[in-house]
Structure formats: C-alpha cells, structure tokens
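Structure record follows, encoded as structure tokens.
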Amino acid sequence: MPETDASSTDFASTTLARAAEVPVPQADDLAGRFSLTANPSPVTEDERAAVLRSLHFGDAFTDHMAHARWRQGEGWGDYGVIPHANLSLSPAAAVLHYSQEIFEGIKAYRHEDGSVWTFRPRYNAARLNASARRMALPELAEEDFVASLVDLVRADAAWVPSGEGESLYLRPFAFASEAFLGVRPSTVVDYYVIASPSGSYFPHGLEPVSIWVTTEYHRAGRGGTGAAKTGGNYASSLLPQREAYAQGCDQVCFLDDVSQKNIEELGGMNIMVVDADGTVRTPRLTGTILEGSTRSAIIRLLRDSGRSVVEDTISLQGLLTDIESGRVSEVFACGTAAVVVPLGHLKGEGFDARIEGSEVTRQIHDRLTAIQSGRAEDPYGWMYQLVPPGAETTSTRSARSA
Ligand SMILES: Cc1ncc(COP(=O)(O)O)c(C=O)c1O
C-alpha cells in the first residue's frame, strides 16, 4: 500500500485513485447517520465573525465534532455529532504510549451560491482505511466517513468561510483509546472529526518556499509506515524540520533511506518537477511516500492538458544538475493545505540551488483552485456537495435563538 501497477503509470492505477472514482451517495442520503447533540453554548455570532475575519491555520475550531467508537467484537457504534470539547482519556490510553493512530486532512469550500462542497472524499476515506490496515486499527465504512463530514459540516456550516483561498479544514482521526499498557492493537478505538476554519495559505499570492534537503534523517523506511498517514511519521520529521529552520529554510525534503540519493517528499507535501520540454516528473510511489490526493488530481489535470507526466525515480544529484543546466525549469510541492507551492530554493550539505520558474505551477494552482472553489466546471466529478445552497444550519439557528 499504496499499489501501483508495475506495468502502467496511468494515474487511475492506484488503489486509492480507483476507490475515489466510485460514486458516493448524495449527502441527503447519508445525513443523519451521526445524529446531532447541539452544543448548548456555541460561540456567539460576533465571536465567530471575529474568527472568520482573521483566519490562520489550525488554531480555531468550530462548535461541534463528529465521533464514533469501535469496540472489539462489537464493531463501530455511538455515532454522533457532539459539542467540540476536550477529551477525557486515561493516562494509560494506548495511543499515548505506542502511537497507534491515523488521520486525514480534507477541506470544505463555500461556493458563490452559499453551498458547501468537499473534494474527492472517497479518496480520503480509502486512504484512512489504508492507513488503518497498516496501523492495525479497524477500518470505517467509506460511506460512514463521508457521512461524518456531511453531518459535521451541516451542523457547523456557518463556520465555512467564503473568502478567496479560505476553507473549513476537516481533520478526521482515529486512535487507540483502550487503557492498557501491553503492546498489542487496542480493543477500543475512537474516531473523531474536528473542523478548523482556515485562511489562504498565501494571502499575498503564490510565494516560492525554500527547502532544506536532509541527508541525515529519513522520514520513512522500507516496510515502515511512510505510506500511512500516522502521527509518528510527522513526529520524526520535526527535528529535521527544526534543522531546516536553522538553515533559513521553510520546509524539509526527505531522500529515500536505501540509496539515500532519491527525492521522496516534503514533511507534508508531494513533489513535482517540471522539465523545460514540458514533461512533469514526480517520485514513484515506493511504499515510503504518502500518496497525495492533490498529487493524483494534478497528474490527471496535467495529462488531460496534453502534458507527459512520468512517475519516476528522481535523484537529488540529477535534479541539481538539471536545475543548473536549465533542463528543469520549475519544481513545486502539492498537498491539501497549501494546494500548490513553487519551490524557489533547494539547499543541503554542499549545495545551494535556485529555481526561478513558476509558470506551470501557477497554471496548475489556478486550474485546481478554480474547480475547488466552484469558479470552473468540474468535469471529473471530484466535487461533492455537503450542504445545499440556502440551508439553515445549527449554528445560525442557535445564534438566532440566543
Ligand atoms: C507526508 C505527506 N505527503 C503528501 C501529502 C499530500 O497529500 P494530500 O494531497 O492528500 O493532502 C501530505 C498531506 O496530507 C502529507 O502529509
């Protein structure tokens, strides 16, 4: 996991991309699986407006959260949307000791008519389950995953911002909550979705970021958990990330752990290289890279615009030589949070390379964000309507009656 058919580099050949193609029932048909217990003291309309006026990333949360609990022998139950609150957890909860946890990141976008949409939710549902298999956690039915987003966003629709580049960031996660110190998979697992209104990653337009390529640390190893979205991968990226800051860089890039020569990905984004001849290359999914939903969508958009996109082994040395010679004209990173980011500077022990170009990067950023924001038609059926236009939300209802 994730699988790529060795015979094909077709974008649809991965398990996750195939899963994302399966139609999801309409939100009205899924709504209500996570029944609502309304927050008795939601933030006031004025407080919410103040939060929405000054958005950052990941530091403000809505009034509710979705929850379900799995018990061994019983399966999933206790589905609900409940008030967002601190959790009560035993200090012996297995997640605190052995990191048995997984998470996802997906956004809800407000369109001009007031409706709220998300992007390829079945992709994230399938990836959560792929991560669950690797981390010995129970899988959640894909439709229940989507239902949890529908019910939470319907409860907190008033929190979905409408400015350019703004969204409601949704963070589904599941973790081992059994109070038990033995090292084995937990018999109790909690699933939550919390929501955080977030601002444009680049309020002043697309700005190139600088990258520290670490040759000392690896994010993932063969047979490890690199292809899963699990906290430990991010914990191990923090020290090299700190090293990147100390080197004056914004982000860290990891190499593979076997040859220690090939580019894998950033701590939280996939990488793409644009050649001067128009070809786009991205590292092959080797089992140590997280297969991004944004990566997959971009491959599709680029191929459909007539470009050749190659999933390949990209050596650091080759990349530096090609930047120097002009064979590579752009390098960019992609992921849900920032969408698309030009990389302007690659630095590491013994090298310091500048990349000037960002034309293709901008084109792909504009094309993808136009689809996500509803400004452009979505020929792929990627967008999924969570909330119809004009829907009354719990938050607006309670704010009115307060
Ligand atoms: C390690 C890593 N790589 C790549 C990505 C990009 O994935 P996506 O495009 O699904 O957000 C992410 C973000 O989720 C990530 O954490």
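Would you confirm whether any residue within segment 267-276 is open to solvent by less than 60 Å² (accessible area, probe 1.4 Å), over 18 Å from T215 (Cα atoms) and either away from the ligand (no atom under 16 Å from the Cβ) or without any contact (Cβ under 8 Å) to a residue 40 or more places away in the chain (or both)? Checked against the condition, which is being open to solvent by less than 60 Å² (accessible area, probe 1.4 Å), over 18 Å from T215 (Cα atoms) and either away from the ligand (no atom under 16 Å from the Cβ) or without any contact (Cβ under 8 Å) to a residue 40 or more places away in the chain (or both), segment 267-276 yields at least one hit. Look at segment 222-241: where a residue is under 11 Å from S99 (Cα atoms) and a partner is away from the ligand (no atom under 12 Å from the Cβ) and hydroxyl-bearing (S, T, Y), sitting 6+ places away or on another chain with Cβ atoms under 7 Å, you get G231/S99; G232/S99.
From the set of residues in segment 196-207 that are of a type outside the set (A, V, I, L, M, F, W, C) and at pLDDT below 95, which is least open to solvent (accessible area, probe 1.4 Å)? Quick ask: steps written out before the conclusion?
Narrowing segment 196-207 to residues of a type outside the set (A, V, I, L, M, F, W, C): 196-201, 203-205, 207.
From the residues that got through so far, the ones that are at pLDDT below 95 too are 199-201, 203-205, 207.
Working: G199: 16, S200: 46, Y201: 101, P203: 99, H204: 155, G205: 33, E207: 81 Å².
Out of the qualifying residues, it is G199.
Count, please, the residues in segment 56-85 that happen to be at pLDDT below 95 and on the phi < 0 side of the Ramachandran plot. Residues flagged as at pLDDT below 95 and on the phi < 0 side of the Ramachandran plot within segment 56-85 amount to 3.
Here the condition is being at pLDDT 95 or above, within 17 Å of the chain's Cα centre (by Cα), of a type outside the set (A, V, I, L, M) and within 20 Å of G357 (Cβ to Cβ); of C334, C249, it holds for C334 alone.
Answer yes or no as to whether G182 is of a type outside the set (S, T, Y) and under 22 Å from R48 (Cβ atoms). Spell out the reasoning first.
Details: of a type outside the set (S, T, Y): yes; under 22 Å from R48 (Cβ atoms): no.
Considered against the rule, which asks whether it is of a type outside the set (S, T, Y) and under 22 Å from R48 (Cβ atoms), G182 comes out as no.
Quick check on this structure: which one of T282, T288 is more than 24 Å from F173 (Cα to Cα) and within 15 Å of the ligand (Cβ to nearest atom)?
Numbers: T288 fails: more than 24 Å from F173 (Cα to Cα).
Selected residue: T282, the only one of T282, T288 that is more than 24 Å from F173 (Cα to Cα) and within 15 Å of the ligand (Cβ to nearest atom).
On the basis of being in the same structural domain as R134 (by the TED database), surrounded by 22 or more Cβ atoms within 10 Å (Cβ to Cβ) and among the aliphatic types (A, V, I, L, M), does V193 make the cut? So V193 passes the test.
Of the strands (runs of 3 or more DSSP E) lying entirely inside segment 17-130, those containing at least 2 residues that are open to solvent by 50 Å² or more (accessible area, probe 1.4 Å) span 64-71, 75-83. There is at least one residue in segment 291-308 that is within 16 Å of the ligand (Cβ to nearest atom), under 25 Å from L170 (Cα atoms), buried (at least 18 other Cβ atoms within 10 Å of the Cβ) and of a type in the set (K, R).
The values are calculated or read from the model by the stated rules, or taken from the named source; none is laboratory data. These numbers were taken from a predicted model, which means no experiment stands behind them. Cβ atoms come from the backbone with ideal geometry, glycine included; neighbour counts cover every protein chain shown. Please note that ligands, DNA and RNA were not included when accessible areas were found on the heavy atoms of the full protein model with its side chains. Shrake-Rupley method; radii C 1.70, N 1.55, O 1.52, S 1.80 Å.
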